[in-house]
1. Just order 255-265, 191-201 by mean Cβ neighbour count inside 10 Å, highest at the front, would you?
2. With θ set to phi - 60° and the Karplus curve 6.51 cos²θ - 1.76 cosθ + 1.60, what are the ³J(HN,Hα) couplings of the stretch 267-279 in order, to the nearest whole Hz, using x for Gly and Pro?
3. So what does the Cα-only Debye profile of the stretch 250-297 read at q = 0.13, 0.18, 0.19, 0.31 Å⁻¹, as log10 I(q)/I(0), no solvent term?
4. If Val212, Val177, Val20 are ordered by their accessible area, calculated over protein heavy atoms with a 1.4 Å probe, which sequence runs from highest to lowest?
5. Please report the accessible area of Lys268 (heavy atoms, 1.4 Å probe, ligands and nucleic acids excluded) in Å², nearest 10.
6. Applying the Karplus parametrisation 6.51 cos²θ - 1.76 cosθ + 1.60 with θ = phi - 60° to the phi angles of the stretch 32-39, what ³J(HN,Hα) value in whole Hz is obtained for each residue in order, glycine and proline being reported as x?
7. Hey, can you grab everything whose amide H is under 5 Å from the amide H of Met185? Only 5+ residues off in sequence or another chain; H modelled, so Pro and N-termini drop out.
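The values are calculated or read from the model by the stated rules, or taken from the named source; none is laboratory data. Keep in mind the model is a prediction, meaning the values are calculated, not measured. Note that we place each Cβ from the backbone using ideal geometry, even for glycine, and neighbour counts take in every protein chain shown. Note: areas computed on protein heavy atoms with side chains; ligands, DNA, RNA excluded. Shrake-Rupley method; radii C 1.70, N 1.55, O 1.52, S 1.80 Å.
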Amino acid sequence: MTLEPLINASPAIQFHVLAVVPAAVIGGIMLLGRKGTPAHRIAGRVWIGLMLIAALSSFFIHTIRMWGAFSPIHLLSVLTLFGAFAVVWSARRRDFTNHQRAVKLLYFGAIGIAGGFSFLPGRIMHEVVFGATEASANAPVVAAATVPAATSPAMQIVSAAPIWVWPLLIGLIVLGVSRMRDRVMPVWRLMLLPAALTVSTFVTLLAGGLSVSGLAAVAIGLGLGLAVGWLTMRAVVTARLAGNRVMVRGEVVSLIAILVIFASRFVKGALTGIAPDSLLVPGVAELFVAVPVFCAGVMAARALAQVGFNPLARKSRRLMLEAEC
(Lines give C-alpha, C1' and ligand atoms only; values in the text may rest on other atoms or scores of the structure.)
Protein backbone atom coordinates (compact mmCIF):
# COMPACT_ATOMS: atom_id res chain seq x y z
CA MET A 1 0.00 0.00 0.00
CA THR A 2 1.31 3.45 -0.90
CA LEU A 3 -0.16 6.95 -0.79
CA GLU A 4 2.18 8.27 -3.46
CA PRO A 5 -0.33 7.93 -6.35
CA LEU A 6 -2.91 9.86 -4.31
CA ILE A 7 -0.40 12.54 -3.28
CA ASN A 8 0.56 13.05 -6.93
CA ALA A 9 -3.08 13.11 -8.09
CA SER A 10 -5.02 16.24 -9.02
CA PRO A 11 -6.67 18.31 -6.25
CA ALA A 12 -10.12 17.18 -7.45
CA ILE A 13 -9.22 13.52 -6.90
CA GLN A 14 -7.70 14.25 -3.49
CA PHE A 15 -10.78 16.24 -2.48
CA HIS A 16 -13.03 13.43 -3.72
CA VAL A 17 -11.18 10.74 -1.74
CA LEU A 18 -11.14 12.89 1.40
CA ALA A 19 -14.95 13.03 1.19
CA VAL A 20 -15.59 9.39 0.25
CA VAL A 21 -13.44 7.68 2.89
CA PRO A 22 -15.07 9.30 5.96
CA ALA A 23 -18.48 8.94 4.27
CA ALA A 24 -17.91 5.19 4.02
CA VAL A 25 -16.98 4.97 7.70
CA ILE A 26 -19.74 7.25 9.02
CA GLY A 27 -22.36 5.60 6.81
CA GLY A 28 -21.44 2.15 8.06
CA ILE A 29 -21.65 3.30 11.67
CA MET A 30 -25.09 4.84 11.06
CA LEU A 31 -26.42 1.66 9.45
CA LEU A 32 -25.24 -0.47 12.37
CA GLY A 33 -26.03 1.96 15.20
CA ARG A 34 -29.25 3.10 16.86
CA LYS A 35 -31.58 5.21 14.75
CA GLY A 36 -33.32 8.42 15.74
CA THR A 37 -30.85 9.56 18.39
CA PRO A 38 -29.30 13.05 18.35
CA ALA A 39 -25.95 11.51 17.43
CA HIS A 40 -27.59 9.71 14.51
CA ARG A 41 -29.13 12.92 13.20
CA ILE A 42 -25.84 14.84 13.46
CA ALA A 43 -23.93 12.02 11.79
CA GLY A 44 -26.59 11.90 9.09
CA ARG A 45 -26.17 15.57 8.26
CA VAL A 46 -22.39 15.18 8.09
CA TRP A 47 -22.74 12.06 5.93
CA ILE A 48 -25.08 13.73 3.45
CA GLY A 49 -22.72 16.68 3.21
CA LEU A 50 -19.79 14.37 2.47
CA MET A 51 -21.81 12.47 -0.15
CA LEU A 52 -22.73 15.72 -1.89
CA ILE A 53 -19.09 16.83 -1.86
CA ALA A 54 -18.01 13.46 -3.27
CA ALA A 55 -20.63 13.56 -6.04
CA LEU A 56 -19.96 17.17 -7.05
CA SER A 57 -16.17 16.80 -6.96
CA SER A 58 -16.39 13.78 -9.29
CA PHE A 59 -17.52 16.07 -12.13
CA PHE A 60 -14.03 17.62 -12.06
CA ILE A 61 -12.35 14.20 -12.46
CA HIS A 62 -11.83 13.24 -16.11
CA THR A 63 -9.37 10.36 -16.06
CA ILE A 64 -11.81 8.33 -18.19
CA ARG A 65 -13.31 10.09 -21.20
CA MET A 66 -16.03 8.61 -23.39
CA TRP A 67 -18.45 11.45 -24.07
CA GLY A 68 -16.27 14.51 -24.19
CA ALA A 69 -14.81 14.88 -20.71
CA PHE A 70 -17.31 12.52 -19.09
CA SER A 71 -17.85 8.78 -18.73
CA PRO A 72 -20.54 6.38 -17.49
CA ILE A 73 -19.10 6.74 -13.99
CA HIS A 74 -20.45 10.31 -13.94
CA LEU A 75 -23.96 8.86 -14.36
CA LEU A 76 -23.51 7.34 -10.90
CA SER A 77 -22.66 10.81 -9.60
CA VAL A 78 -25.96 12.14 -10.94
CA LEU A 79 -27.82 9.25 -9.29
CA THR A 80 -25.97 10.02 -6.05
CA LEU A 81 -27.32 13.57 -6.08
CA PHE A 82 -30.87 12.27 -6.58
CA GLY A 83 -30.32 9.69 -3.85
CA ALA A 84 -29.11 12.33 -1.40
CA PHE A 85 -32.22 14.39 -2.13
CA ALA A 86 -34.41 11.31 -1.49
CA VAL A 87 -32.68 10.72 1.86
CA VAL A 88 -33.23 14.30 3.04
CA TRP A 89 -36.79 14.52 1.67
CA SER A 90 -37.93 11.28 3.32
CA ALA A 91 -36.36 12.31 6.65
CA ARG A 92 -38.07 15.70 6.65
CA ARG A 93 -41.41 14.03 5.89
CA ARG A 94 -40.70 11.54 8.72
CA ASP A 95 -41.19 8.71 6.25
CA PHE A 96 -38.67 6.52 8.02
CA THR A 97 -39.39 3.36 6.00
CA ASN A 98 -38.46 5.00 2.71
CA HIS A 99 -35.72 6.94 4.49
CA GLN A 100 -33.96 3.72 5.49
CA ARG A 101 -34.32 2.34 1.98
CA ALA A 102 -32.91 5.50 0.44
CA VAL A 103 -29.94 5.51 2.83
CA LYS A 104 -29.12 1.86 2.09
CA LEU A 105 -29.47 2.44 -1.65
CA LEU A 106 -27.21 5.49 -1.53
CA TYR A 107 -24.62 3.81 0.67
CA PHE A 108 -24.33 0.50 -1.15
CA GLY A 109 -24.84 2.01 -4.60
CA ALA A 110 -22.67 5.12 -4.43
CA ILE A 111 -19.99 3.85 -2.04
CA GLY A 112 -20.18 0.10 -2.56
CA ILE A 113 -20.77 -0.30 -6.31
CA ALA A 114 -19.23 2.94 -7.57
CA GLY A 115 -16.36 2.60 -5.10
CA GLY A 116 -15.69 -0.89 -6.39
CA PHE A 117 -15.03 0.45 -9.89
CA SER A 118 -12.34 2.75 -8.46
CA PHE A 119 -10.25 -0.32 -7.56
CA LEU A 120 -10.04 -1.59 -11.14
CA PRO A 121 -6.50 -1.94 -12.53
CA GLY A 122 -5.19 1.39 -13.76
CA ARG A 123 -7.22 3.48 -11.30
CA ILE A 124 -5.45 5.49 -8.62
CA MET A 125 -7.08 3.66 -5.70
CA HIS A 126 -5.93 0.33 -7.14
CA GLU A 127 -2.36 1.61 -7.04
CA VAL A 128 -2.86 3.03 -3.53
CA VAL A 129 -4.15 -0.25 -2.09
CA PHE A 130 -2.29 -2.84 -4.15
CA GLY A 131 0.76 -0.76 -5.12
CA ALA A 132 2.02 0.05 -8.59
CA THR A 133 3.33 -2.70 -10.78
CA GLU A 134 7.06 -3.26 -10.90
CA ALA A 135 7.27 -1.93 -14.45
CA SER A 136 5.46 1.27 -13.60
CA ALA A 137 7.45 1.72 -10.40
CA ASN A 138 10.74 1.53 -12.27
CA ALA A 139 9.64 3.65 -15.22
CA PRO A 140 11.11 7.16 -15.55
CA VAL A 141 8.82 9.97 -14.48
CA VAL A 142 9.17 11.78 -17.81
CA ALA A 143 8.26 8.70 -19.77
CA ALA A 144 5.21 8.07 -17.58
CA ALA A 145 4.04 11.62 -18.09
CA THR A 146 4.12 11.24 -21.85
CA VAL A 147 1.93 8.14 -21.95
CA PRO A 148 -1.52 9.06 -23.24
CA ALA A 149 -4.37 8.67 -20.78
CA ALA A 150 -6.20 6.45 -23.28
CA THR A 151 -3.60 3.68 -22.74
CA SER A 152 -4.49 3.19 -19.09
CA PRO A 153 -6.20 -0.13 -18.24
CA ALA A 154 -9.23 1.71 -16.85
CA MET A 155 -9.70 3.56 -20.12
CA GLN A 156 -9.24 0.32 -22.06
CA ILE A 157 -11.96 -1.32 -19.94
CA VAL A 158 -14.50 1.45 -20.50
CA SER A 159 -13.74 2.04 -24.18
CA ALA A 160 -13.76 -1.68 -24.98
CA ALA A 161 -17.17 -2.24 -23.36
CA PRO A 162 -20.01 -2.51 -25.90
CA ILE A 163 -22.18 0.59 -26.08
CA TRP A 164 -25.27 -1.40 -25.06
CA VAL A 165 -23.72 -2.07 -21.64
CA TRP A 166 -24.45 1.43 -20.37
CA PRO A 167 -28.18 1.57 -21.32
CA LEU A 168 -28.42 -1.90 -19.78
CA LEU A 169 -26.90 -0.60 -16.54
CA ILE A 170 -29.36 2.30 -16.44
CA GLY A 171 -32.26 -0.07 -17.12
CA LEU A 172 -31.15 -2.41 -14.32
CA ILE A 173 -30.91 0.50 -11.89
CA VAL A 174 -34.41 1.66 -12.82
CA LEU A 175 -35.68 -1.91 -12.40
CA GLY A 176 -34.08 -2.23 -8.98
CA VAL A 177 -35.38 1.16 -7.82
CA SER A 178 -38.91 0.20 -8.90
CA ARG A 179 -38.80 -2.67 -6.43
CA MET A 180 -38.20 -0.30 -3.51
CA ARG A 181 -41.87 0.65 -3.23
CA ASP A 182 -44.77 -1.35 -1.79
CA ARG A 183 -46.89 -2.87 -4.53
CA VAL A 184 -49.51 -5.52 -5.33
CA MET A 185 -48.54 -7.87 -8.13
CA PRO A 186 -49.35 -11.31 -9.52
CA VAL A 187 -47.23 -14.17 -8.25
CA TRP A 188 -45.84 -14.86 -11.73
CA ARG A 189 -44.55 -11.29 -12.01
CA LEU A 190 -42.93 -11.53 -8.58
CA MET A 191 -41.06 -14.65 -9.66
CA LEU A 192 -40.19 -13.39 -13.14
CA LEU A 193 -37.09 -11.33 -12.30
CA PRO A 194 -35.45 -13.88 -9.94
CA ALA A 195 -36.17 -16.63 -12.48
CA ALA A 196 -34.72 -14.58 -15.35
CA LEU A 197 -31.58 -13.73 -13.36
CA THR A 198 -31.12 -17.34 -12.27
CA VAL A 199 -31.55 -18.72 -15.80
CA SER A 200 -29.29 -16.10 -17.39
CA THR A 201 -26.63 -16.69 -14.73
CA PHE A 202 -26.57 -20.44 -15.28
CA VAL A 203 -26.67 -20.10 -19.08
CA THR A 204 -23.68 -17.75 -18.94
CA LEU A 205 -21.78 -20.13 -16.67
CA LEU A 206 -22.54 -23.21 -18.76
CA ALA A 207 -21.61 -21.39 -21.98
CA GLY A 208 -18.18 -20.65 -20.54
CA GLY A 209 -17.68 -24.19 -19.31
CA LEU A 210 -17.45 -25.32 -15.71
CA SER A 211 -14.72 -27.30 -14.01
CA VAL A 212 -15.17 -29.38 -10.88
CA SER A 213 -14.16 -26.38 -8.77
CA GLY A 214 -16.61 -24.24 -10.75
CA LEU A 215 -19.45 -26.66 -10.00
CA ALA A 216 -18.47 -26.56 -6.32
CA ALA A 217 -18.59 -22.75 -6.45
CA VAL A 218 -22.08 -22.94 -7.98
CA ALA A 219 -23.29 -25.28 -5.23
CA ILE A 220 -21.78 -23.16 -2.45
CA GLY A 221 -23.02 -19.87 -3.91
CA LEU A 222 -26.54 -21.19 -4.50
CA GLY A 223 -26.77 -22.81 -1.08
CA LEU A 224 -25.55 -19.71 0.74
CA GLY A 225 -27.79 -17.47 -1.37
CA LEU A 226 -30.93 -19.49 -0.62
CA ALA A 227 -30.05 -19.65 3.09
CA VAL A 228 -29.40 -15.90 3.35
CA GLY A 229 -32.53 -15.07 1.37
CA TRP A 230 -34.79 -17.21 3.54
CA LEU A 231 -33.12 -16.09 6.78
CA THR A 232 -33.70 -12.43 5.95
CA MET A 233 -37.39 -13.17 5.34
CA ARG A 234 -38.13 -15.25 8.45
CA ALA A 235 -40.19 -12.50 10.10
CA VAL A 236 -42.10 -11.50 6.96
CA VAL A 237 -45.80 -12.31 6.97
CA THR A 238 -47.11 -13.40 3.57
CA ALA A 239 -50.02 -11.29 2.30
CA ARG A 240 -51.80 -13.37 -0.36
CA LEU A 241 -54.68 -11.63 -2.12
CA ALA A 242 -57.46 -12.71 -4.42
CA GLY A 243 -56.58 -13.44 -8.02
CA ASN A 244 -53.29 -15.18 -7.14
CA ARG A 245 -51.74 -11.85 -6.21
CA VAL A 246 -49.46 -10.91 -3.34
CA MET A 247 -48.67 -7.74 -1.41
CA VAL A 248 -44.94 -7.11 -1.75
CA ARG A 249 -43.04 -4.80 0.58
CA GLY A 250 -40.49 -2.48 -0.96
CA GLU A 251 -36.85 -3.48 -0.44
CA VAL A 252 -33.36 -2.52 -1.58
CA VAL A 253 -31.90 -6.03 -1.70
CA SER A 254 -33.01 -6.56 -5.31
CA LEU A 255 -31.20 -3.45 -6.52
CA ILE A 256 -28.01 -4.41 -4.69
CA ALA A 257 -28.14 -7.97 -6.04
CA ILE A 258 -28.75 -6.77 -9.61
CA LEU A 259 -25.83 -4.33 -9.46
CA VAL A 260 -23.50 -6.89 -7.89
CA ILE A 261 -24.31 -9.40 -10.65
CA PHE A 262 -23.72 -6.74 -13.29
CA ALA A 263 -20.47 -5.60 -11.65
CA SER A 264 -19.12 -9.15 -11.30
CA ARG A 265 -19.74 -9.92 -14.97
CA PHE A 266 -18.33 -6.57 -16.05
CA VAL A 267 -15.15 -6.98 -14.00
CA LYS A 268 -14.66 -10.56 -15.17
CA GLY A 269 -15.02 -9.48 -18.79
CA ALA A 270 -12.57 -6.65 -18.20
CA LEU A 271 -10.01 -8.95 -16.60
CA THR A 272 -10.41 -11.41 -19.47
CA GLY A 273 -9.47 -8.64 -21.87
CA ILE A 274 -6.62 -6.87 -20.05
CA ALA A 275 -5.34 -9.34 -17.44
CA PRO A 276 -6.38 -12.90 -18.38
CA ASP A 277 -3.65 -14.41 -16.20
CA SER A 278 -5.39 -13.04 -13.11
CA LEU A 279 -8.28 -15.44 -13.70
CA LEU A 280 -5.85 -18.36 -13.45
CA VAL A 281 -5.06 -17.51 -9.82
CA PRO A 282 -6.67 -20.21 -7.64
CA GLY A 283 -10.03 -19.06 -6.33
CA VAL A 284 -10.47 -16.01 -8.58
CA ALA A 285 -12.47 -17.71 -11.34
CA GLU A 286 -14.52 -19.56 -8.74
CA LEU A 287 -15.29 -16.27 -7.00
CA PHE A 288 -16.74 -14.85 -10.22
CA VAL A 289 -18.87 -17.99 -10.46
CA ALA A 290 -20.11 -17.98 -6.87
CA VAL A 291 -20.96 -14.27 -6.54
CA PRO A 292 -23.69 -14.01 -9.25
CA VAL A 293 -25.11 -17.40 -8.26
CA PHE A 294 -25.25 -16.25 -4.62
CA CYS A 295 -27.12 -13.05 -5.58
CA ALA A 296 -29.55 -14.95 -7.80
CA GLY A 297 -30.16 -17.41 -4.96
CA VAL A 298 -30.88 -14.60 -2.50
CA MET A 299 -33.44 -13.03 -4.83
CA ALA A 300 -35.07 -16.38 -5.62
CA ALA A 301 -35.37 -17.31 -1.93
CA ARG A 302 -36.83 -13.93 -0.98
CA ALA A 303 -39.38 -14.14 -3.80
CA LEU A 304 -40.37 -17.67 -2.75
CA ALA A 305 -40.74 -16.48 0.87
CA GLN A 306 -43.07 -13.69 -0.24
CA VAL A 307 -45.43 -16.23 -1.81
CA GLY A 308 -45.36 -18.40 1.32
CA PHE A 309 -42.53 -20.86 0.74
CA ASN A 310 -39.83 -20.42 3.36
CA PRO A 311 -38.56 -23.66 4.93
CA LEU A 312 -36.50 -21.78 7.51
CA ALA A 313 -39.49 -19.76 8.69
CA ARG A 314 -41.65 -22.86 9.02
CA LYS A 315 -38.92 -24.62 10.94
CA SER A 316 -38.49 -21.72 13.32
CA ARG A 317 -42.24 -21.59 13.97
CA ARG A 318 -42.34 -25.35 14.54
CA LEU A 319 -39.52 -25.14 17.04
CA MET A 320 -41.31 -22.30 18.83
CA LEU A 321 -44.51 -24.33 19.10
CA GLU A 322 -42.63 -27.34 20.43
CA ALA A 323 -40.90 -25.15 23.00
CA GLU A 324 -44.23 -23.74 24.17
CA CYS A 325 -45.66 -27.22 24.60
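1. Per-residue Cβ counts within 10 Å, averaged per peptide and sorted highest first, yield 255-265, 191-201.
2. So the J values, rounded to whole Hz, are 5, 4, x, 5, 5, 4, x, 10, 8, x, 5, 5, 6.
3. These q points yield log10 I(q)/I(0) values of -0.33, -0.56, -0.61, -1.11.
4. I get Val212, Val177, Val20, largest accessible area first.
5. Near enough 70 Å² of accessible area.
6. These are the phi-based 3J(HN,Hα) values: 8, x, 5, 9, x, 7, x, 5 Hz.
7. Residues meeting the amide H criterion: Val246, Val248.
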